[in-house]
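In what follows, a structure is listed as C-alpha cells, so that the remarks can point back to it.
What follows draws every value from the coordinates through simple rules; no lab data is involved. The shown structure was predicted, so the numbers you read here are calculated from the model rather than taken from an experiment. Because the Cβ atoms are built from the backbone with ideal geometry, glycine has one as well, and the counts that use them run over all protein chains shown.
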Amino acid sequence: MERNIVKFLGLNVDLFSFEEAVEYADNISGQIVTLNPEMVNNACKNSDFAKIINSAELVIPDGIGIETGLKIMGRSVRRIAGIEFAHRLIEECAKNQQSVALIGAKPEIVEKAKENLQKEFPALYITYCHDGYFDDDEKIINEVKIRQPRLILCALGSPKQEEFIFKAKKDFPESVFIGVGGSFDVWSGVVERAPEIYQKFGIEWLYRTVKEPKRFKRIFPALPLFVLRVLREKFVPRGV
Ligand code: UDP
C-alpha cells in the first residue's frame, strides 16, 4: 500500500481511512504521529518539530480541527482518534503475538493502564513499562532496545513524545512508535473519555476543557490561532 500524503500548512498528512491506516501501520516500522491543531501551531513556529512530523512514516488526522482544516483546503478525510487507533494497534499485536512497550504518564497510571490492557487482551505481551518522568532518554532507549517490541506507545505529551520517538526510532528497525498523549490516563481508568455524543460531534476537547478548566489556557490561544492559520493558507497562499 502506498502513502497518500497531502500537505497541510507545510505538514504531511496521510489521507487513509481508519482501516487503511491500521493495515498500513501493520506493515511499517518507524514513527506514527497523531496530528492535532496544537501540534500544527507548534510546527509553524518550530521548524525542527515540523521536520520531525515530515519525517514520520505515518501522520493521522487526529480530531475535528484537522479534519475541518483539510476540508477548508479542499481535502476530504475522516478524522482518526489517536486513542482509538493506538488501541486497535494494541489489539493487532495481541492477535499476532507481537510484543508492546508502554512509556509515559505517572508511575501508578502506566502500571494501571498495563493491568487493564492485559485484562482486556489476555494474549497481549507487554514486555516493557516505564513512567514518563525521566531525564535520561538514552537509558530508556537502551532498556527497550534489548526487548525490541513491535509496538512502542509513548504517552509523554507533545512535543516531548514526538522528539523522543524521533531520537529513538533509528535503533528499532522492526518497531512502530506512536505518540498517544493522555491515552494511558484514560486506559488506567483515572481519566474518563468524553461520552460518545461528544466523540461523535468531534468536541471531546470541549468536554475535557469543562472537566479540567486549566486546559482552557492551552486550548484558547491554540484553536483561534489554528483557524487563522488555515484561513490565511486558503486565502493568502504561501509566498505572497
Ligand atoms: N507526561 C509524561 N511526562 C512528562 C509530561 C507529561 O509522561 O514529562 C504525561 C502526562 O502524565 C500525561 C501525558 O503525558 O499522561 C500527556 O497528557 P496530555 O493530556 O497533555 O496529552 P494530550 O492528550 O492533551 O496530548
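Worth pointing out:
- Fraction of antiparallel bridges per DSSP, the chain only, in percent to nearest 5: 15
- Exposure proxy shown here: for Trp205, Trp187, the number of other Cβ atoms within 10 Å sets the order, fewest to most, as Trp205, Trp187.
- Note on the stretch 19-150: semi-axes of the ellipsoid equivalent to its C-alpha gyration tensor, largest first and rounded to whole Å, are 28, 19, 14.
- For the set Lys114/Lys167; Lys71/Lys234; Lys7/Lys160; Lys95/Lys170, the pairs lying more than 18 angstrom apart at their alpha carbons are Lys114/Lys167; Lys7/Lys160; Lys95/Lys170.
- Distance from the stretch 1-70 to the stretch 197-230 (C-alpha centre basis), Å: 19
- Between the helical axis of 216-235 and the longest alpha-carbon principal axis of the chain there is an angle of about 50 degrees.
- Placing unit charges on each Cβ (+1 for Lys and Arg, -1 for Asp and Glu) gives the chain a dipole about its Cα centre, and among Gly179, Ser17, Trp205 the Cα reaching farthest toward its positive end belongs to Trp205.
- For q = 0.17, 0.18 Å⁻¹, Debye-computed log10 I/I(0) when each Cα of the stretch 92-139 counts as one equal scatterer: -0.51, -0.56
- Computed on the chain, the Cα convex hull volume stands at 127 Å³ per residue.
- Arg232, Arg79 arranged by Cβ crowding within 10 Å, fewest neighbours leading: Arg232, Arg79
- Ordering Ser47, Leu124, Val59 by Cα displacement along the dipole of the chain toward the positive end leaves Ser47 in first place; charges were set at the Cβ atoms of Lys, Arg (+1) and Asp, Glu (-1).
- Among the GluC sites (Glu not before Pro) found in the stretch 162-220, those both in a DSSP coil and sparsely packed, with 12 or fewer other Cβ atoms within 10 Å of their Cβ, are Glu174, Glu192.
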